Each structure stands twice: as structure tokens, then as C-alpha cells.
1. Could you list, in their original order, any pairs among Lys110/Lys194; Lys135/Lys194; Lys69/Lys106; Lys95/Lys194; Lys46/Lys106; Lys46/Lys72 whose Cα atoms are separated by more than 19 Å?
2. Taking H placed 1.01 Å from N in the peptide plane, check which residues at least 5 places from Thr112 or on another chain put their amide H under 5 Å from its amide H.
3. Across 10 Å bins from the origin, how do the percents of Cα pairs in the range 85-216 run, short distances first?
4. Suppose a student asked you for the relative contact order of the range 61-188, using Cα pairs under 8 Å spaced at least 6 residues apart; what percent would you report?
Amino acid sequence: MFSLHKGKSKCRKGWKEIVSCKIESGKEKLRYLRFSIMTIKSEKMKHPLAQFLYCPRCGAKAFVEANEKAKKCTLCHFVYYFNPSSAVACIISDKDENILVVKRAKDPAKGTLDLPGGFSDMFETAEETVRREVKEETGLELTSLRYLFSVPNIYLYSGFEVHTVDLIYKGEVDSLVGAVAQDDAAEICIIPQKELDPEAFGLTSIRQVIRRICTLDE
Ligand SMILES: [Zn+2]
């Protein structure tokens with residue numbers, strides 16, 4: 001049996017639409033597959049460039065909304081489109097399906113669990129970002145790397161809502177022994193995948209990732 005559910009709930013960012021589906025297996029066991037996220041309705045959101053009051057080319061205050069994701073200068077005609085930044089997160093496992101998670105050293109969501117990851121640098125591939133961030137935060141070198149799926153996210157930094165597309169990867173290492181928390185990671189925790197608790201993860205997109213991998217691997 002298969003049923004699709006659509007819902008709407010209010011969140012800090014406005015309205016979000018939630019789509020989920022239930023699959024009932026033989027013995028009345030319900031399996032939940034939560035579909036990728038939620039569309040935040042644009043009419044309830046403030047413009048992503050609302051904080052950008054002046055034209056970055058000529059400095060005029062004539063920097064006005066061109067459409068829902070762009071602003072333009074009515075004096076020098078400069079147009080700036082606001083696009084999401086690419087970011088990565090990596091599920092690192094060893095041969096026994098233990099997962100490495102880190103405790104966040106900094107806000108947002110300081111002190112909560114997270115996956116190693118971060119923003120891509122300019123001219124860097126997403127795969128290079130994963131290997132660099134994993135090395136910076138844990139000291140580990142990945143032996144293999146595989147892309148899984150992506151999740152849109154809003155990351156509040158310095159009072160600014162940074163929209164991202166989080167690219168989720170699965171990375172493998174021979175052993176998680178020897179991982180050392182560094183950089184943005186305050187602490188390293190090794191947790192069997194079956195014991196992962198999505199609610200312990202502070203960032204919305206990462207919580208969704210953990211829910212999804214736990215469900216898919218049942
Ligand atoms: Zn201008």
C-alpha cells in the first residue's frame with residue numbers, strides 16, 4: 001500500500017510545504033520515506049538581497065528588485081542574481097558501518113552533531129571540497145568517495161541567510177581510529193549507523209540527511 005501526503009506548516013522562514021509518503025509493508029509495518037524537502041513559498045520570504053542596499057558597482061542607492069532573485073541598479077544598469085552556494089557534507093564510514101560525526105565548534109548550532117563538510121572554494125570541485133574539509137576537520141584521508149544526493153538549505157552566518165545546495169557524499173576509510181577533531185569540529189564521535197539520532201543534529205539539512213540515510217538503509 002502506498003499513500004502520498006502533502007502538508008503545509010509555518011516556520012521561521014515562512015511557509016513550507018512538506019511532502020511525505022508512507023509505504024505499508026506486509027505486516028502493517030509502516031515505512032516512512034521523507035521526500036526531499038519542502039518548497040519555501042517565495043511570497044512569504046523577504047527578498048534574498050534585502051540587506052544589499054547599494055549597487056556594488058557604482059555605489060548608488062538605486063539598487064532595486066529586478067525579480068524574486070535579482071536586484072538591478074537603475075543608474076548604471078548592473079544586475080546581480082542571487083544564486084545558492086555549493087556546500088558538501090560527508091557520511092564517513094568504516095568497514096563495520098560505524099559513522100563519524102563531529103560536534104560543531106561554532107555557531108550556527110554550536111555544540112550539536114554535524115557531518116564533516118563546508119562550502120566549496122572557488123575553482124574547486126565538490127569532490128575536492130569533501131576531501132579538503134574531511135582532512136581539515138578530522139585529519140582523515142578518504143579511500144573512496146561517492147555522491148549520494150543533494151539538499152537545499154539556508155545557513156545563517158553573520159546575520160545573513162546564505163542559501164546553499166548541500167551535496168551529500170559517502171566517504172570510506174580503512175579505519176576511523178586516529179581521527180582528530182580540528183578546525184570547525186570540537187569533538188569527534190564514532191556511532192554505529194543504526195544508532196544515529198537525527199534529532200541530535202542541529203542543522204536542518206543535515207538532520208534531513210540523517211533521517212533519509214537511516215530510512216533508506218533499513
Ligand atoms: Zn550602479
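The numbers here are math on the coordinates, done by the rules we state, and not lab data. Everything numeric here is computed off the predicted structure, so don't read it as measured data.
1. Pairs exceeding the cut-off: Lys110/Lys194; Lys135/Lys194; Lys69/Lys106; Lys46/Lys106.
2. Amide H neighbours of Thr112: Arg104.
3. Answer for the range 85-216: a P(r) of 13, 49, 34, 4, 0 percent.
4. Computed value for the range 61-188: 29 percent relative contact order.
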